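Worksheet for the structure shown next.
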Amino acid sequence: MRKQRRRFLCRWKEEQTENNSIAQINLEQAQKLLKKCENVFLVDVRSPQEYAEGHIDRAILIPNYEIREKAKKILKDKEATIILYCSSGIRSKKAARELEKLGFTNLYVLTENL
């Protein structure tokens, strides 16, 4: 099982560019990662109000405007798989760039947003 998990993660890593640790991922791919892999975080970067109105199962709320402060406390493993989403993709891409600056290396932005 562990070998399968590694191959699965490597396949997604291949979609990332050499100069950028941020890749796009669709909802189906994200659900597979969440089911099969350990140390995966699904992060909703919308506002608390938007989150309360509805969010994807297993999502944790870290609003985009708090990503730098809260990431250090909540997302402690910089090699963890982190999937970010918002309502349009703009905030999730911005949050991913901030996490990249903080040293996180396995970042994905969900292509199907709420």
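Structure values in brief
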quantity	calculated
Residue in the stretch 91-99 that is in contact with a strand residue (DSSP E or B) (Cβ under 9 Å, 6 or more places away or on another chain) and acidic (D, E) present	no
Unmet criterion (only one of (1) among the polar types (S, T, N, Q); (2) within 19 Å of G103 (Cα to Cα); (3) exposed (fewer than 10 other Cβ atoms within 10 Å of the Cβ); (4) at pLDDT 95 or above) for N19	(4)
Any pair with Cβ under 6 angstrom, 6 or more apart, that starts in the stretch 47-75 at a residue that is buried (at least 16 other Cβ atoms within 10 Å of the Cβ) and ends at one that is among the polar types (S, T, N, Q)	P63/S47
Members of the stretch 21-33 found to be outside any helix (DSSP H, G or I) and in contact with a helix residue (DSSP H, G or I) (Cβ under 8 Å, 6 or more places away or on another chain), listed by number	S21, I22, A23, I25
Members of the stretch 76-91 that are farther than 20 Å from K32 by Cα, touching a residue at least 40 places away in the same chain (Cβ under 8 Å) and buried (at least 16 other Cβ atoms within 10 Å of the Cβ)	R91
Residue under evaluation K101, criteria (1) in contact (Cβ under 8 Å) with a residue 24 or more places away in the chain; (2) over 17 Å from A30 (Cβ atoms), criterion not met	(1)
Residues being under 11 Å from C86 (Cβ atoms) and of a type outside the set (A, V, I, L, M) - total across the stretch 45-66	7
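The values are calculated or read from the model by the stated rules, or taken from the named source; none is laboratory data. Nothing here was measured: the structure is a model prediction, and the numbers come from that model. Methodologically, a virtual Cβ is constructed for each residue, glycine included, from the backbone with ideal geometry; neighbour enumeration extends over all protein chains shown.
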